[in-house]
Amino acid sequence: AQSVAQPEDQVNVAEGNPLTVKCTYSVSGNPYLFWYVQYPNRGLQFLLKYITGDNLVKGSYGFEAEFNKSQTSFHLKKPSALVSDSALYFCAVRDPDNYGQNFVFGPGTRLSVLP
Amino acid sequence: DAGVTQSPTHLIKTRGQQVTLRCSPKSGHDTVSWYQQALGQGPQFIFQYYEEEERQRGNFPDRFSGHQFPNYSSELNVNALLLGDSALYLCASSFGEVIRETQYFGPGTRLLVL
(Lines give C-alpha, C1' and ligand atoms only; values in the text may rest on other atoms or scores of the structure.)
Protein backbone atom coordinates (compact mmCIF):
# COMPACT_ATOMS: atom_id res chain seq x y z
CA ALA A 1 0.00 0.00 0.00
CA GLN A 2 1.16 3.49 -0.70
CA SER A 3 2.12 5.84 2.13
CA VAL A 4 3.65 9.23 2.74
CA ALA A 5 5.77 10.45 5.62
CA GLN A 6 6.57 14.02 6.56
CA PRO A 7 9.16 13.58 9.30
CA GLU A 8 8.93 17.12 10.69
CA ASP A 9 5.76 18.38 12.37
CA GLN A 10 7.12 21.92 12.41
CA VAL A 11 9.77 23.81 10.45
CA ASN A 12 10.93 27.26 11.51
CA VAL A 13 12.96 29.47 9.19
CA ALA A 14 13.92 33.14 9.14
CA GLU A 15 12.53 35.35 6.38
CA GLY A 16 14.92 35.48 3.44
CA ASN A 17 16.55 32.14 4.25
CA PRO A 18 16.06 29.03 2.14
CA LEU A 19 13.43 26.56 3.31
CA THR A 20 13.01 22.82 2.93
CA VAL A 21 9.97 20.75 3.85
CA LYS A 22 10.69 17.03 3.71
CA CYS A 23 8.58 14.23 2.25
CA THR A 24 9.29 10.53 1.76
CA TYR A 25 6.97 8.04 0.13
CA SER A 26 6.35 4.36 -0.38
CA VAL A 27 4.65 2.93 -3.47
CA SER A 28 5.05 -0.27 -5.41
CA GLY A 29 5.78 1.41 -8.73
CA ASN A 30 6.72 4.83 -10.02
CA PRO A 31 4.89 7.49 -8.03
CA TYR A 32 2.93 10.56 -8.92
CA LEU A 33 3.81 13.15 -6.25
CA PHE A 34 2.07 16.37 -5.27
CA TRP A 35 2.52 19.26 -2.84
CA TYR A 36 -0.39 21.27 -1.46
CA VAL A 37 -0.49 24.19 0.98
CA GLN A 38 -3.29 24.96 3.44
CA TYR A 39 -3.81 28.36 5.02
CA PRO A 40 -5.95 28.69 8.18
CA ASN A 41 -9.63 27.94 7.60
CA ARG A 42 -9.00 27.32 3.92
CA GLY A 43 -8.94 24.34 1.60
CA LEU A 44 -5.79 22.96 0.00
CA GLN A 45 -4.05 24.90 -2.75
CA PHE A 46 -2.02 23.05 -5.38
CA LEU A 47 1.68 23.98 -5.54
CA LEU A 48 3.34 21.48 -7.88
CA LYS A 49 3.48 17.89 -9.02
CA TYR A 50 5.92 15.31 -10.37
CA ILE A 51 4.64 12.86 -12.94
CA THR A 52 7.67 12.03 -15.08
CA GLY A 53 10.68 13.70 -16.65
CA ASP A 54 12.98 16.24 -15.02
CA ASN A 55 13.52 15.47 -11.34
CA LEU A 56 13.37 19.17 -10.44
CA VAL A 57 9.84 20.48 -10.61
CA LYS A 58 8.99 24.18 -10.42
CA GLY A 59 5.65 25.31 -9.10
CA SER A 60 3.63 28.24 -7.83
CA TYR A 61 4.89 31.10 -5.63
CA GLY A 62 8.57 30.30 -6.24
CA PHE A 63 8.41 26.78 -4.79
CA GLU A 64 10.20 23.82 -6.31
CA ALA A 65 10.63 20.17 -5.41
CA GLU A 66 13.19 17.55 -6.23
CA PHE A 67 12.22 13.96 -6.92
CA ASN A 68 14.85 11.47 -5.73
CA LYS A 69 13.94 7.92 -6.64
CA SER A 70 16.81 6.24 -4.81
CA GLN A 71 15.92 8.00 -1.55
CA THR A 72 12.16 7.85 -2.24
CA SER A 73 11.93 11.53 -1.41
CA PHE A 74 10.19 14.60 -2.80
CA HIS A 75 11.35 17.54 -0.69
CA LEU A 76 9.76 20.97 -1.17
CA LYS A 77 12.15 23.92 -1.38
CA LYS A 78 12.20 27.67 -1.80
CA PRO A 79 15.37 29.77 -2.11
CA SER A 80 14.09 32.70 -0.03
CA ALA A 81 11.23 32.32 2.45
CA LEU A 82 8.53 34.93 2.97
CA VAL A 83 6.46 35.48 6.12
CA SER A 84 3.40 34.86 3.93
CA ASP A 85 4.67 31.31 3.26
CA SER A 86 3.72 30.39 6.83
CA ALA A 87 1.11 27.65 6.48
CA LEU A 88 0.51 23.90 6.62
CA TYR A 89 2.12 21.90 3.84
CA PHE A 90 0.97 18.48 2.64
CA CYS A 91 2.75 15.98 0.44
CA ALA A 92 0.57 13.47 -1.43
CA VAL A 93 1.22 10.41 -3.57
CA ARG A 94 -0.71 8.39 -6.12
CA ASP A 95 0.38 5.00 -7.39
CA PRO A 96 -0.31 4.77 -11.16
CA ASP A 97 -0.08 0.98 -10.94
CA ASN A 98 -2.86 0.87 -8.38
CA TYR A 99 -5.84 2.70 -9.83
CA GLY A 100 -8.05 1.75 -6.94
CA GLN A 101 -6.06 4.00 -4.63
CA ASN A 102 -6.70 7.72 -4.70
CA PHE A 103 -4.49 10.40 -3.18
CA VAL A 104 -2.71 9.45 0.03
CA PHE A 105 -1.67 12.51 2.02
CA GLY A 106 1.04 12.89 4.59
CA PRO A 107 0.26 14.25 8.07
CA GLY A 108 1.41 17.74 7.16
CA THR A 109 4.27 20.02 8.18
CA ARG A 110 3.62 23.41 9.71
CA LEU A 111 6.00 26.02 8.32
CA SER A 112 6.63 29.18 10.32
CA VAL A 113 8.64 31.95 8.67
CA LEU A 114 9.87 34.40 11.24
CA PRO A 115 10.38 38.09 10.33
CA ASP B 1 -13.52 31.12 -13.72
CA ALA B 2 -15.11 29.80 -10.55
CA GLY B 3 -13.14 27.37 -8.50
CA VAL B 4 -14.53 24.54 -6.42
CA THR B 5 -17.35 25.71 -4.16
CA GLN B 6 -18.80 23.97 -1.12
CA SER B 7 -21.80 24.57 1.09
CA PRO B 8 -22.44 25.12 3.88
CA THR B 9 -19.22 26.51 5.33
CA HIS B 10 -20.02 25.38 8.86
CA LEU B 11 -22.51 22.95 10.34
CA ILE B 12 -23.40 21.78 13.84
CA LYS B 13 -25.26 18.49 14.33
CA THR B 14 -25.97 16.13 17.19
CA ARG B 15 -25.12 12.43 17.41
CA GLY B 16 -27.43 10.22 15.40
CA GLN B 17 -28.50 12.91 12.98
CA GLN B 18 -27.91 12.91 9.24
CA VAL B 19 -26.06 15.56 7.22
CA THR B 20 -25.72 16.48 3.55
CA LEU B 21 -22.79 18.47 2.21
CA ARG B 22 -22.67 19.95 -1.30
CA CYS B 23 -19.94 20.59 -3.83
CA SER B 24 -19.76 22.27 -7.22
CA PRO B 25 -16.65 21.41 -9.24
CA LYS B 26 -14.32 23.81 -10.99
CA SER B 27 -15.50 24.81 -14.44
CA GLY B 28 -14.58 22.13 -16.98
CA HIS B 29 -14.12 19.39 -14.38
CA ASP B 30 -16.28 16.28 -14.29
CA THR B 31 -14.80 14.24 -11.45
CA VAL B 32 -15.41 14.91 -7.78
CA SER B 33 -13.58 13.42 -4.79
CA TRP B 34 -14.41 13.82 -1.11
CA TYR B 35 -11.96 13.87 1.77
CA GLN B 36 -12.24 14.02 5.55
CA GLN B 37 -9.62 16.05 7.40
CA ALA B 38 -9.64 15.57 11.16
CA LEU B 39 -7.98 18.21 13.29
CA GLY B 40 -4.21 18.06 13.03
CA GLN B 41 -4.20 15.38 10.32
CA GLY B 42 -3.90 15.11 6.58
CA PRO B 43 -6.98 14.58 4.40
CA GLN B 44 -8.31 11.03 4.18
CA PHE B 45 -9.93 9.89 0.93
CA ILE B 46 -13.62 8.99 1.23
CA PHE B 47 -14.75 8.34 -2.36
CA GLN B 48 -14.67 9.62 -5.92
CA TYR B 49 -17.51 10.15 -8.42
CA TYR B 50 -17.26 10.15 -12.18
CA GLU B 51 -20.11 9.89 -14.67
CA GLU B 52 -22.56 9.84 -11.76
CA GLU B 53 -21.07 6.64 -10.34
CA GLU B 54 -18.87 5.94 -7.34
CA ARG B 55 -15.57 4.84 -8.91
CA GLN B 56 -13.25 4.53 -5.93
CA ARG B 57 -13.80 4.31 -2.21
CA GLY B 58 -11.54 4.71 0.77
CA ASN B 59 -11.80 2.96 4.11
CA PHE B 60 -15.03 4.60 5.30
CA PRO B 61 -18.20 2.86 6.51
CA ASP B 62 -21.43 2.69 4.57
CA ARG B 63 -22.79 5.54 6.69
CA PHE B 64 -20.90 7.71 4.22
CA SER B 65 -22.62 7.87 0.85
CA GLY B 66 -22.68 10.24 -2.05
CA HIS B 67 -24.21 11.26 -5.29
CA GLN B 68 -23.16 13.04 -8.45
CA PHE B 69 -25.63 14.94 -10.58
CA PRO B 70 -25.68 15.39 -14.37
CA ASN B 71 -24.15 18.87 -13.97
CA TYR B 72 -21.19 17.18 -12.15
CA SER B 73 -22.02 18.66 -8.77
CA SER B 74 -21.95 16.25 -5.87
CA GLU B 75 -23.35 15.57 -2.41
CA LEU B 76 -21.83 13.78 0.55
CA ASN B 77 -24.30 12.24 2.98
CA VAL B 78 -23.40 10.97 6.42
CA ASN B 79 -25.97 9.02 8.43
CA ALA B 80 -26.07 8.24 12.14
CA LEU B 81 -23.47 10.85 12.98
CA LEU B 82 -20.81 10.04 15.58
CA LEU B 83 -18.69 12.43 17.58
CA GLY B 84 -15.70 11.20 15.58
CA ASP B 85 -17.26 12.49 12.36
CA SER B 86 -16.38 16.02 13.45
CA ALA B 87 -13.92 17.23 10.82
CA LEU B 88 -13.32 19.45 7.83
CA TYR B 89 -14.84 17.85 4.75
CA LEU B 90 -13.07 18.74 1.55
CA CYS B 91 -14.30 18.36 -1.99
CA ALA B 92 -11.82 18.19 -4.86
CA SER B 93 -12.48 18.24 -8.58
CA SER B 94 -10.47 17.11 -11.58
CA PHE B 95 -10.95 16.28 -15.24
CA GLY B 96 -11.65 12.70 -16.17
CA GLU B 97 -10.40 9.58 -14.46
CA VAL B 98 -6.83 10.18 -15.58
CA ILE B 99 -4.75 9.44 -12.53
CA ARG B 100 -2.12 12.07 -13.22
CA GLU B 101 -4.64 14.89 -13.18
CA THR B 102 -4.32 17.48 -10.41
CA GLN B 103 -7.19 17.69 -7.95
CA TYR B 104 -8.32 21.20 -7.01
CA PHE B 105 -9.85 21.62 -3.59
CA GLY B 106 -12.71 23.69 -2.28
CA PRO B 107 -12.61 25.63 1.01
CA GLY B 108 -14.30 22.81 2.90
CA THR B 109 -17.27 22.36 5.21
CA ARG B 110 -16.49 22.23 8.90
CA LEU B 111 -18.80 19.77 10.65
CA LEU B 112 -19.11 19.67 14.41
CA VAL B 113 -21.02 16.78 15.97
CA LEU B 114 -22.15 17.30 19.56
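Quick notes on this structure:
- Among (1) within 13 Å of the chain's Cα centre (by Cα); (2) over 22 Å from A:Asn12 (Cα atoms), the one test that A:Ile51 misses: (1)
- Flag if B:Asn71 is without any contact (Cβ under 8 Å) to a residue 60 or more places away in the chain and part of a strand (DSSP E or B): no
- Condition check for B:Tyr104: open to solvent by 10 Å² or more (accessible area, probe 1.4 Å), more than 12 Å from the chain's Cα centre (by Cα) and not basic (Lys, Arg): yes
- Scanning the range B:6-31 for residues that are touching an Asp or Glu at 6+ places or on another chain (Cβ under 7 Å) and open to solvent by 70 Å² or more (accessible area, probe 1.4 Å) yields a count of 2.
- Residues that are part of a strand (DSSP E or B), open to solvent by 30 Å² or more (accessible area, probe 1.4 Å), within 14 Å of chain B (Cβ to nearest Cβ) and under 15 Å from A:Pro31 (Cβ atoms), drawn from the range A:44-74: A:Lys49
- Flag for A:Arg110 being of a type in the set (Lys, Arg) and in contact (Cβ under 8 Å) with a residue 24 or more places away in the chain: yes
- The set of residues from the range A:6-24 being under 11 Å from the mean Cα position of the chain (by Cα) and open to solvent by 20 Å² or more (accessible area, probe 1.4 Å) comprises A:Thr20, A:Lys22, A:Thr24.
- Any chance B:Ser65 is among the hydroxyl-bearing types (Ser, Thr, Tyr), in a strand (DSSP E or B), within 14 Å of the chain's Cα centre (by Cα) and surrounded by fewer than 21 Cβ atoms within 10 Å (Cβ to Cβ): yes
- Hey, A:Ala65 modelled with pLDDT of 95 or more, out of contact with any Leu (no Cβ under 7 Å at 6 or more places or on another chain) and under 28 Å from B:Cys91 (Cβ atoms) or not: no
- Among residues of the range B:42-60 that are within 12 Å of chain A (Cβ to nearest Cβ), none has a beta-carbon under 6 Å from a residue that is open to solvent by 10 Å² or more (accessible area, probe 1.4 Å) and among the hydroxyl-bearing types (Ser, Thr, Tyr) at least six positions away or on a different chain.
- Residues that are away from chain B (no Cβ under 11 Å), in contact (Cβ under 8 Å) with a residue 60 or more places away in the chain and of a type in the set (Asp, Glu) do occur in the range A:75-90.
- Single residue of A:Pro96, A:Pro40 found to be loosely packed, with under 13 Cβ neighbours inside 10 Å and assigned to a loop (DSSP other than H, G, I, E, B): A:Pro40
- Test for A:Asn102: is it buried (at least 18 other Cβ atoms within 10 Å of the Cβ) and part of a loop (DSSP other than H, G, I, E, B): yes
The values are calculated or read from the model by the stated rules, or taken from the named source; none is laboratory data. All figures in this text were calculated on a predicted structure; none of them were measured in a lab. Reconstructed Cβ throughout: ideal geometry from the backbone, glycine too, with neighbour counts over all protein chains shown. Side chains included, ligands, DNA and RNA excluded: accessible areas come from the protein's heavy atoms. Shrake-Rupley method; radii C 1.70, N 1.55, O 1.52, S 1.80 Å.
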